[in-house]
Amino acid sequence: MTLAVSDEQEELRRSVRRLLTDRASTADVRRVMETDEGHDPSVWALMADQLGLPAIALPEEYGGLGFGVAELSIVLEELGGALSPEPFLSSIALAARTLALSGDTEAAARWLPGLADGTRTAAFAVSEPGRDWTLEQSTTRFDGTGLTGVKTFVIDGERADLLLVTAATDEGPGLFVVEPDATVERTRLGVLDPTRRQARITFDATPALRVDTAPSRLRQALDLGVIAVAAEQVGVAQACLDLTVEYAKVRTQFGRPIGSFQAIKHKCADLVLELEAARSAQQHATVLADGGADTDPADLAAAAAVCGSWCGEVAVHVAKEAIQIHGGVGYTWEHDAHLYLKRAKSTELLFGTPAAHRARLADLLGIGGGAR
Amino acid sequence: MTLAVSDEQEELRRSVRRLLTDRASTADVRRVMETDEGHDPSVWALMADQLGLPAIALPEEYGGLGFGVAELSIVLEELGGALSPEPFLSSIALAARTLALSGDTEAAARWLPGLADGTRTAAFAVSEPGRDWTLEQSTTRFDGTGLTGVKTFVIDGERADLLLVTAATDEGPGLFVVEPDATVERTRLGVLDPTRRQARITFDATPALRVDTAPSRLRQALDLGVIAVAAEQVGVAQACLDLTVEYAKVRTQFGRPIGSFQAIKHKCADLVLELEAARSAQQHATVLADGGADTDPADLAAAAAVCGSWCGEVAVHVAKEAIQIHGGVGYTWEHDAHLYLKRAKSTELLFGTPAAHRARLADLLGIGGGAR
Amino acid sequence: MSTAMDTQAPVVETDEEFRARLRAFLTEHHPGKRPRDAVERLAWQKRWRATLFDAGFAGPSWPREYGGMDLSFRRQVIYQEEYNRARVPGPQGTGLGIAAPTIITYGTEEQKRRWLRPMLRGDKVWAQGYSEPEAGSDLHALRTTARLEGDHYVVNGQKVWNTYADIADVLFCLVRTGTPESRQHGITYLIVDARAPGVTVRPLRDLTGAVHFSEIFLENVRVPVTDRVGEENDGWRLARTSLGHERAAGAMNQAALYRRVLDELIALAEERGLAADAVVRDRLAQFEIRVRLMRSNAMRTIDTIRTHGEPGPASSTSRLFITTFEQDLHEFAVDMLGADALLTREDPGAVQRGRWINGFLSTRASTIGAGTSEIQRNTIAEQVLGLPHDPAMPS
Amino acid sequence: MSTAMDTQAPVVETDEEFRARLRAFLTEHHPGKRPRDAVERLAWQKRWRATLFDAGFAGPSWPREYGGMDLSFRRQVIYQEEYNRARVPGPQGTGLGIAAPTIITYGTEEQKRRWLRPMLRGDKVWAQGYSEPEAGSDLHALRTTARLEGDHYVVNGQKVWNTYADIADVLFCLVRTGTPESRQHGITYLIVDARAPGVTVRPLRDLTGAVHFSEIFLENVRVPVTDRVGEENDGWRLARTSLGHERAAGAMNQAALYRRVLDELIALAEERGLAADAVVRDRLAQFEIRVRLMRSNAMRTIDTIRTHGEPGPASSTSRLFITTFEQDLHEFAVDMLGADALLTREDPGAVQRGRWINGFLSTRASTIGAGTSEIQRNTIAEQVLGLPHDPAMPS
């Protein structure tokens, strides 16, 4: 296991990027984000059929390709860089991976093959109003037969075929699979990020199948989710920085390229510094995630907290400076900079705020006792 | 009352500056700071006899000139800019002004004239180990006849003729005058700032005269102290910035003055922004301080908290950037930049940290209840 | 004194009486809820400005002969505080803040009479035409030309980033009358009728999805020479010299605005139980300090103008101080609220109709428009500190 | 394998066995308390380096033929962690980090044999002679000249900001052999005997009051041509190309150092009851994140060198990351401690002998020495991002 990127991984990156460049540029994203589906099913089908992306980091016994978080992260990074609205993060990185991690072989065998070949999608419903990306104090409850409660900010939750839902039970936090029926009300939210659909989902004594798993695994699934999101954030930040650096090389003001001004150079240098650290953090977390039984879950949790605090802030910072450096043009709807900013700000907050991740890190390390 | 500076005030500023330039340059300060006295008694005598500075903001009935905090602030600003080690802040701005404010006419008549003409000096002993610049939970106690306890970071306390001491009594915080005798142990501290002597003072059943005053006046005296220190901080910051800007105009690197580089310009512009705000904050507080009965003490306290949080941080920031902009030269002992940094950092922390001032402001405004 | 004032103001009025009278007026005549429809909204705003003007409550700093109130600075502060507190519509267009001081200082008597009252009353909306696609921060490089033909200039070119241009009646423009190389020495200040033949205004969507500014295309637009302010080729100086007072008044206005906004944020934090978190509390105290500093800066600038006739250095930094503040404040609000802040005004569950997230987006323009913060820092460094010019920049 | 290693290391040793063996050695041979007297301290340090070398525990990354350990990168990490944990003296001088890689890459066999072992063993202390009074950040402008006379160069000039020069035996210098206008194309890399006639070293007091660096005056100093590294006029390239690995190893070392320092700060905060303050706790978590990022950056750089032979962009930013971190950390420590932090090591009541306030002062040099952080940002922008050169800067 290494933090350097292998040649095979670079080849994977190139394949994904080629597909996105050809079929899912930001111009395509702008078109697709206005449609009812919110993503392009033909692109999703290509990702599945041509590159096998949904299968990439799922176990081979359930139709997956058996690669690890390293490869998953590369895909997420590229999709992030292209602001892809496809349900890869939601259905694969969050839902399917959580199901695979659960240890419930029956549930995995039943649902993963359909997710791995991309014919069905799932969404992972965790957040509740006022409680972001946490298992604690969930007010969604399972009473032995049905689920009741409200989940919100469920990514791609409006159209997912399956819902993977965390809920409180008498024995602590549990995980459930729901195939939406009339007891499930799904409302599209009006959110900041136009490239990613999110839903509020209300369950009312909804039939649900319990996944046989331990709270510690669930907690770890959330950590892995944060690490996956960090990969996307690195992609968002890198693409947005690239865009900005290219602009700074060609745009002239006062008779010279703006990128020759120290003010712009130093801003960009600071962004490189932050972004390289974000990449190191995410890759370090990836190595731990792929470490299997060798990895202490507390180390993984700490690495996730580092990602959760740092990577989102970096992506937001890059996107803000991108607009600043582009000047008036960067402030227009037609320029992509705001789409990067909206994606970055959304992912920064959806999976626990940076401050919440720092508090968790302090808790994990026992800094300042249980004080708040 | 106005935030603009009048012509008379500018004339006062020029007089003080002339004396300092002639007799108390930073080269003089460097010499004097190695002496046993730690300041230059002949300069102090000139300040008193030629300009009447110790008398400036003391009541006329006790030998003062009856000017206000506005004039006091101008003197403090100039002394700060020259890194003066003279006991003006300690004896006049802190001790004598507190005595004048106390409302105890007998005590004022007894001690102020000697302080106003500069023949004697006083020090104001407030801080205790672990408790900076606060009246609360003082462990120095007055038992009806004597004072017992430890005060620390008492500016110019080693050689002061009088000590003005805050201490706990059965009726709450009180103020006492001590003429040091054998029961008082004074130890010079090894402190960061070589231009300002500070002492640890231990009282052991020390005879002390109680000043007849109210805890609210004492609290206000501490606020006025913070405002006085802010004036000094503005002076430190301005002098240090001036020094740096001059250097940036003449020092060349890469064939041009370093002040023509955007990185340097933008740093300096940010410092101007911070410093001008510091000046506005200090002048606003000064207007309130000179407002007499028209001023709500809560407004004054809030203005002091603004000064306490902002002005110290600004002076430190300017001094740090001064060293950075000067490069290697700024890191040497021979260059004055470090003296400014040490003065700035010391005054930033001695009168309550910026964070403590912000907490107090939040308390005053009732933000977040009593939470900490 | 203007008649409108006489009917209401006592001969000798204290500050507090003035405040009470203004507050009563604003409460009584409050124009009600902001219409959602753009055309209705414009009409509603114009009605309000006319009401204000007719009652003698428009133009706190303007000379009385052009319909203003000519208030002392202290009264101007009170005016801004009450105006902000009342939540009534502000002026439309940027004429009052930017063009008016130039016209008052450099315009002919005829121009002042013709332009100022309708602008102040809101009968005519004025918008700025300075920036161009190729001359964003480098206004010296502007390319829109004005060729003198008899008693008219013929104007050709393109302007961009013009707020209010979509509803403007009048455009105040900088145009090139000198050679292409003349830079700031060949620029003239022209007032252009927005309805004149050859003027096309194309609204631009900004990143919030709303239309706040436009592109202006000028094709053989004929502008009478009598609509030129100042001398030919002297426009650059005119556009710059009027900024000091505008800045002081604007800074005071912004300080009053953000005083209210911060109070609302603190109230929201308390309401949601977030202010008890010590980290949030410390951040709120930091913003409290900055909003107080903004006010102290503005007060000091105003006092300095009164005493010395010049605004002093605090004024040069006010815009940078405020723009940074408003970006930081909105982003902090969003971060404090967490995921809930991601709901926009389109969502019925949005926090306070999405104002914080919308502010987070819209304040991106603060450090770009009217000279980027980078340009402002250059200016502060050179004009306040006298640091040397960058040798690779045109002078 | 070197004999020293053979006597102690098992043929196949796991990482953890290696760690245990190193830790045991460092504990057992720990040289004891640092002497206060400068002469004694130097002798104490030299003894320790010799002990280390003789036991085969010096030069983790160096080739074995010059007395090094030639460890894998993973072992180097372990080495740095243990070395830092043991609190034993580091190497004296900057030769190991800066001169050695250059000599290993570009030196002749004879030079390597002559210089490397004594440097590693600590018998000779090497100090850098790059900066000059008029060429601080602009090394291209350096003025110290070297004139070839037969088989010697005659060197004249002045160097400054040289750490360890007061105790140095050898100086590695950049000197001008080309015309005054030749800039980086006329610079040569010379090794100068610090005891040679004409060399005067004058220690400089820094702002902490201590002597950490010196001025060096070179007056007709004769340096044999055989002490030139690389070709004449090729010194600039030599001085630059060896930085990649140095940076990677240095970054790992700093990450290990600051891991320990932060742990000590957290322990201090807990001990004083300060860590329970939520604002302090949040700040400590921020530093915890940065110290972890430092390590991840260094690990990634090392892995990237192993895989691709080049350190990659994270390496370019490591110095800026670390220097900013160490300034921020020390200042935060001081602010957290409040007034108590103002006592210096001279005061018996100082917190931990004044280490935090001393660190606050001494880390001012971090963003100045070896190229200011401004220069580093320029370099990152140009070399990593390819942003264009400033037209007003010499190329």
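Mind jotting down the distance between the C-alpha centroids of the range B:135-169 and the range C:296-313, whole Å?
Centre-to-centre (Cα) distance: 43 Å.
For a test of the definition: using alpha carbon positions, the gyration tensor, and the 1.5 limit on a/c, classify the range D:243-350 as rounded, prolate or oblate.
The shape class here is prolate.
Could you go through the range A:103-110 in sequence order and give the Karplus-derived ³J(HN,Hα) for each residue, using 6.51 cos²θ - 1.76 cosθ + 1.60 with θ = phi - 60°, rounded to whole Hz, and x for Gly and Pro?
With the stated coefficients, the range A:103-110 comes to x, 8, 5, 5, 4, 4, 5, 6 Hz.
Just which residues of the range D:367-386 lose 50 Å² or more accessible area with every protein chain there, against their chain alone, with the probe set to 1.4 Å?
Buried by the other chains: D:Ile368, D:Glu374, D:Arg377, D:Asn378, D:Leu385.
Of all the accessible heavy-atom surface of the protein assembly as shown, with the other protein chains kept in place and a 1.4 Å probe, what percent is carbon and sulfur?
On the way: 29230 of 57690 Å².
Answer for the protein assembly as shown is 51 percent, counting heavy atoms of protein chains only.
State the dimensionless ratio Rg/Rh of the range D:16-90 (Rg: radius of gyration of Cα atoms; Rh: Kirkwood radius).
Rounded to two decimals, Rg/Rh equals 0.99.
Where does chain C land on Rg(C-alpha)/(2.2 N^0.38 Å)?
Taking N as the residue count of chain C, the ratio is 1.02.
Using a 1.4 angstrom probe on the protein heavy atoms only, could you order A:Asp22, D:Asp166, B:Asp270 from most to least accessible area?
A:Asp22, D:Asp166, B:Asp270
Which value results for Rg/Rh of the protein assembly as shown when Rg is the Cα radius of gyration and Rh the Kirkwood radius based on the inverse mean 1/r?
A ratio of 0.97.
Given the pairs B:Lys342/D:Lys159; C:Lys46/C:Lys159; A:Lys151/C:Lys33, which are separated by over 30 angstrom at their Cα positions?
Pairs exceeding the cut-off: A:Lys151/C:Lys33.
Would you pull out the residues with amide H under 5 Å of B:Gly66's amide H, same chain only if 5 or more places away, H placed 1.01 Å from N?
The list, which skips near neighbours in sequence, is B:Leu58, B:Glu60.
Between copies, how far apart are the D:Pro348 label points? List them in nm, one decimal, shortest first, with each point 7 Å from Cα toward Cβ, please?
7.5
Where does helix A:262-289 land angle-wise versus the long Cα axis of chain A, in degrees 0 to 90, nearest 10?
Its long axis makes an angle of about 30 degrees.
Helix B:7-23 against the longest principal axis of chain B: what's the angle in degrees, Cα atoms only, rounded to the nearest 10?
Around 80 degrees separate the two axes.
Restricting to DSSP H runs of at least four residues, report the calculated mean residue ellipticity at 222 nm for chain A, -39500 (n - 2.57) per run over all residues, nearest 500 deg cm²/dmol.
Estimated from H runs of four or more residues: -16500 deg cm²/dmol.
Taking R0 as 30 Å, what's the FRET efficiency between C:Arg240 and C:Arg74 from their Cβ-Cβ distance, rounded to 0.05? All intermediate terms of the calculation are to be shown ahead of the outcome.
Working: r = 28 Å, r/R0 = 0.93.
Given R0 = 30 Å and the Cβ-Cβ separation, E is 0.60.
Could you size up the charge dipole of the range D:124-232 around its Cα centre, putting +1 on the beta carbon of Lys and Arg and -1 on that of Asp and Glu, and report it in debye to the nearest 20?
Values: 11 positive and 15 negative charges, 27 e Å.
Using only the charged Cβ atoms, the result is roughly 120 debye.
Kindly write out, for the range C:138-150 in residue order, the coupling ³J(HN,Hα) from the Karplus curve 6.51 cos²θ - 1.76 cosθ + 1.60 (θ = phi - 60°), rounded to whole Hz, with x marking Gly and Pro.
Karplus values, whole Hz, x for Gly and Pro: 9, 5, 4, 8, 5, 10, 4, 9, 10, 10, 6, 10, x.
Looking down the axis that turns B into A, which residue of B has the closest beta carbon, and how many Å out?
So the closest residue, with its distance, comes out as B:Gln262, 2.
Give me the accessible area of A:Arg251, 1.4 Å probe, in Å² rounded to the nearest 10.
For A:Arg251, solvent-accessible area is about 40 Å².
Put B:Phe351, C:Phe217 in order of accessible area, largest first, 1.4 Å probe: what do you get? Provide the component values of the computation, followed by the final result.
Working: B:Phe351 10, C:Phe217 75 Å².
My answer, sorted largest first, is C:Phe217, B:Phe351.
How many percent of DSSP beta bridges within the protein assembly as shown run antiparallel, rounded to 5?
In the protein assembly as shown, approximately 85 percent of DSSP beta bridges are antiparallel ones.
In Å², rounded to the nearest 100, what is the total accessible surface buried by chains D and C against each other with a 1.4 Å probe?
400 Å²
Sort the range D:124-232 into rounded, prolate or oblate with this rule: let a ≥ b ≥ c be the square roots of the eigenvalues of the Cα gyration tensor; rounded if a/c is under 1.5, and if a/c is not under 1.5, prolate when a/b is larger than b/c, oblate otherwise.
Cα axes put the range D:124-232 in the oblate bin.
Suppose you put the label 7 Å out from Cα in the Cβ direction; list, shortest first and in nm with one decimal, how far D:Glu231 is from each other copy's label.
6.3
Would you kindly work out, in nm and rounded to one decimal, the distances from the label point of D:Thr179 to those of the same position in each other copy, ordered shortest first, with label points 7 Å along Cα-to-Cβ?
Computed spacing set for this position: 3.5 nm.
What is the mean number of Cβ atoms from other protein chains located within 10 Å of the Cβ atom of each residue in peptide C:209-219, rounded to a whole number?
Taking the mean over all residues of the peptide, I get 1.
Find how many whole Å separate the alpha carbon centroid of the range B:43-117 from the alpha carbon centroid of the range A:179-242.
Result: 67 Å between the Cα centres.
To the nearest 20 debye, what is the magnitude of the charge dipole of the range A:216-365 about its Cα centre, counting +1 on the Cβ of each Lys and Arg and -1 on the Cβ of each Asp and Glu?
520 debye
Rolling a 1.4 Å sphere over the protein heavy atoms, what is the accessible area per residue of chain C, to the nearest Å²?
Accessible area per residue, chain C: 42 Å².
Once amide H atoms are placed 1.01 Å from N in the peptide plane, what residues at a sequence separation of 5 or more from C:Leu148, or on another chain, have their amide H within under 5 Å of its amide H?
C:Val154
Partner chain Cβ atoms within 10 Å, averaged over the residues of A:246-255 - can you pull that number for me?
Mean number of neighbouring Cβ atoms from other chains: 4.
Among the residues of the range B:268-317, which ones have their accessible area go down by 50 Å² or more when all the protein chains sit together, as opposed to their chain alone (1.4 Å probe)?
Output list: B:Ala269, B:Val272, B:Leu273, B:Glu276, B:Ser280, B:Val306, B:Trp310.
With every protein chain left in place, what is the accessible area of D:His185 in Å² (1.4 Å probe, nearest 10)?
It works out to around 130 Å².
Restricting to the range D:124-232, compute how many DSSP beta bridges are antiparallel as a %, nearest 5.
Here the share of antiparallel DSSP bridges comes out near 85 percent.
Just to confirm, what accessible area per residue do you get for the range A:7-117 at 1.4 Å probe, in whole Å²?
On a per-residue basis, the range A:7-117 sits at 39 Å².
With +1 on each Lys and Arg Cβ and -1 on each Asp and Glu Cβ, and nothing else charged, work out how big the dipole of the protein assembly as shown is about its Cα centre, in Debye to the nearest 20.
Computed charge dipole of the protein assembly as shown: roughly 1660 debye.
What average number of partner chain Cβ atoms lie no more than 10 Å from the Cβ of the residues making up B:331-344?
That works out to 4 on average.
Using the Karplus curve 6.51 cos²θ - 1.76 cosθ + 1.60 with θ = phi - 60°, what ³J(HN,Hα) values do you get for each residue of the range D:121-130, in whole Hz, with x for Gly and Pro?
Here the 3J(HN,Hα) series is 6, x, 5, 10, 9, 9, 10, 8, x, 9 Hz.
Where a ≥ b ≥ c are the square roots of the eigenvalues of the C-alpha gyration tensor, would you call the range A:122-213 rounded, which needs a/c under 1.5, or, failing that, prolate if a/b is larger than b/c, or oblate?
Verdict is prolate for the range A:122-213.
Treating the angle as unsigned and between 0 and 90°, give the value, to the nearest 10°, between the Cα long axis of helix A:215-250 and the longest Cα principal axis of chain A.
That works out to roughly 20 degrees.
Kindly compute the accessible surface that chains A and D hide from a 1.4 Å probe when together, both sides summed, and give it to the nearest 100 Å².
The buried area between A and D, both sides summed, comes to about 3700 Å².
Taking all protein chains together and a probe of 1.4 Å, list B:Val150, B:Val229 from the most accessible to the least accessible.
Correct descending sequence by accessible area is B:Val150, B:Val229.
Note down the Stokes-Einstein diffusion coefficient of the range A:7-117 in µm²/s, whole number, using a Kirkwood radius over alpha carbon pairs, 4 °C, and 1.567 mPa s.
Details: Rh = 14.2 Å.
After rounding, the answer is 91 µm²/s.
In square angstrom, rounded to the nearest 10, how much accessible surface does B:Asp363 have for a 1.4 Å probe?
B:Asp363 has an accessible surface of roughly 90 Å² with all protein chains in place.
The values are calculated or read from the model by the stated rules, or taken from the named source; none is laboratory data. In this text, all values refer to a predicted model and were calculated from it rather than measured experimentally. All Cβ positions, even for glycine, are placed from backbone atoms using ideal geometry, and neighbour counts span all protein chains on display. Note: accessible area is taken over every heavy atom of the protein model, side chains too, but ligands, DNA and RNA are not part of it. Shrake-Rupley method; radii C 1.70, N 1.55, O 1.52, S 1.80 Å.
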